[in-house]
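Colleague: Just passing along the structure, written as structure tokens.
The values are calculated or read from the model by the stated rules, or taken from the named source; none is laboratory data. Given the structure is predicted, the values throughout are model-derived calculations rather than measurements. Because the Cβ atoms are built from the backbone with ideal geometry, glycine has one as well, and the counts that use them run over all protein chains shown.
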Amino acid sequence: MKVILFGATGMVGQGVLRECLLDRRVETVLAIGRSSTGQHHEKLREIVRGDLLNLTPIEADLRGFDACFYCLGVSSVGMKEDLYRRLTYDLLEFLSRHVSGDWGDLCDDDRRENDLSVMEGFRILSAYRLPRTGVKLWIITEADRSATTFLLPSEY
Ligand SMILES: NC(=O)c1ccc[n+]([C@@H]2O[C@H](COP(=O)([O-])OP(=O)(O)OC[C@H]3O[C@@H](n4cnc5c(N)ncnc54)[C@H](OP(=O)(O)O)[C@@H]3O)[C@@H](O)[C@H]2O)c1
């Protein structure tokens, strides 16, 4: 099995990396992060990038893998619950709705447009209300699928 691992330098990621390197069923591990693990192992390859929000330049390196462990994130230690929830849960929930075709707070015309865009390769747009504040968040996937962007009303 070939594995991609994000966040291999973190507490959780280090444990996942250790287990993957020990496990004979895992033949290679590609660790992707903003800093190196500092480890050397015949099964380990690393990609170190400052900007992990845009993986397009390394898209070709990501092909042919069987599994991905996404251990990148912010620890809850010392953080207020509200901010932690927003960073680690709310945004991912909206993104998972966007990729699964739940377009959120859109009118019927925009929904039909999206359904067509998925088939035809046009731009896809979703909108969701942020919990608590009620502010609308837009998620846009470009027609060439090169980028998906989160936008607040002031940025749209
Ligand atoms: N620790 C736990 O017991 C536990 C339990 C349940 C869930 N979690 C969740 O699991 C995730 C990882 O937790 P952890 O304890 O392993 O955290 P951690 O020790 O702080 O590690 C975070 C990892 O994410 C990377 N990272 C953080 N912000 C980044 C950014 N903006 N760009 C690129 N890389 C970034 C860090 O890279 P650098 O080394 O370069 O900083 C590091 O590899 C978090 O979402 C956490 O909430 C943790």
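Colleague: In the stretch 67-122, how many residues are without any contact (Cβ under 8 Å) to a residue 60 or more places away in the chain, under 22 Å from LEU52 (Cβ atoms) and over 14 Å from the mean Cα position of the chain (by Cα)?
Modeller: 7
Colleague: Turning to a different aspect of this structure: Out of all the residues in the stretch 122-142, is one or more under 28 Å from LEU5 (Cβ atoms), of a type in the set (Lys, Arg), not assigned by TED's automatic domain parsing to the domain that holds VAL29 and not in a strand (DSSP E or B)?
Modeller: The initial filter retains those residues of the stretch 122-142 that are under 28 Å from LEU5 (Cβ atoms), namely 139, 141-142.
Narrowing the set further to residues that are of a type in the set (Lys, Arg) leaves none.
No, there is no match, as no residue in the stretch 122-142 is under 28 Å from LEU5 (Cβ atoms), of a type in the set (Lys, Arg), not assigned by TED's automatic domain parsing to the domain that holds VAL29 and not in a strand (DSSP E or B).
Colleague: Could you list, in sequence order, the residues of the stretch 11-29 that are over 12 Å from GLU46 (Cβ atoms) and in contact with a helix residue (DSSP H, G or I) (Cβ under 9 Å, 6 or more places away or on another chain)?
Modeller: Within the stretch 11-29, just VAL26 meets the criteria.
Colleague: When you scan the stretch 50-58, do you find a residue that is free of Cβ contacts under 8 Å to residues at least 12 places away in the same chain, away from the ligand (no atom under 16 Å from the Cβ) and more than 24 Å from VAL12 (Cα to Cα), even just one?
Modeller: no
Colleague: Shifting gears a bit: Looking at (1) within 17 Å of ARG86 (Cβ to Cβ); (2) loosely packed, with under 12 Cβ neighbours inside 10 Å, can you tell me which one MET119 breaks?
Modeller: That leaves (1) as the condition not met.
Colleague: Sort out which residues of the stretch 10-46 are in contact with a Gly (Cβ under 8 Å, 6 or more places away or on another chain) and within 25 Å of THR149 (Cβ to Cβ), and write them in order of number.
Modeller: Of everything in the stretch 10-46, those that are in contact with a Gly (Cβ under 8 Å, 6 or more places away or on another chain) and within 25 Å of THR149 (Cβ to Cβ) turn out to be GLY33, ARG34.
Colleague: If you don't mind, another one. Return yes or no: is ASP109 more than 10 Å from the ligand (Cβ to nearest atom), assigned by TED's automatic domain parsing to the domain that holds THR149 and assigned to a loop (DSSP other than H, G, I, E, B)?
Modeller: On the way: more than 10 Å from the ligand (Cβ to nearest atom): yes; assigned by TED's automatic domain parsing to the domain that holds THR149: yes; assigned to a loop (DSSP other than H, G, I, E, B): no.
When the stated conditions are applied, ASP109 does not pass them.
Colleague: Now for a different question. What residue, of LEU95, LEU17, is outside the structural domain of ALA143 (by TED's automatic domain parsing), surrounded by 15 or more Cβ atoms within 10 Å (Cβ to Cβ) and of a type in the set (A, V, I, L, M, F, W, C)? Talk me through it step by step, then tell me what you get.
Modeller: Numbers: LEU95 fails: outside the structural domain of ALA143 (by TED's automatic domain parsing).
Going through LEU95, LEU17 in turn, the sole match is LEU17.
Colleague: Identify the single condition in (1) in a helix (DSSP H, G or I); (2) under 16 Å from the mean Cα position of the chain (by Cα); (3) at pLDDT below 85 that GLY50 does not satisfy, given that it satisfies every other one.
Modeller: So GLY50 meets the others, but not (1).
Matching residues to (1) over 29 Å from GLU142 (Cα atoms); (2) part of a loop (DSSP other than H, G, I, E, B); (3) not polar (S, T, N, Q):
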| position | (1), (2), (3) |
| --- | --- |
| CYS20 | yes, no, yes |
| ARG25 | yes, yes, yes |
| LEU92 | no, no, yes |
| GLY101 | no, yes, yes |
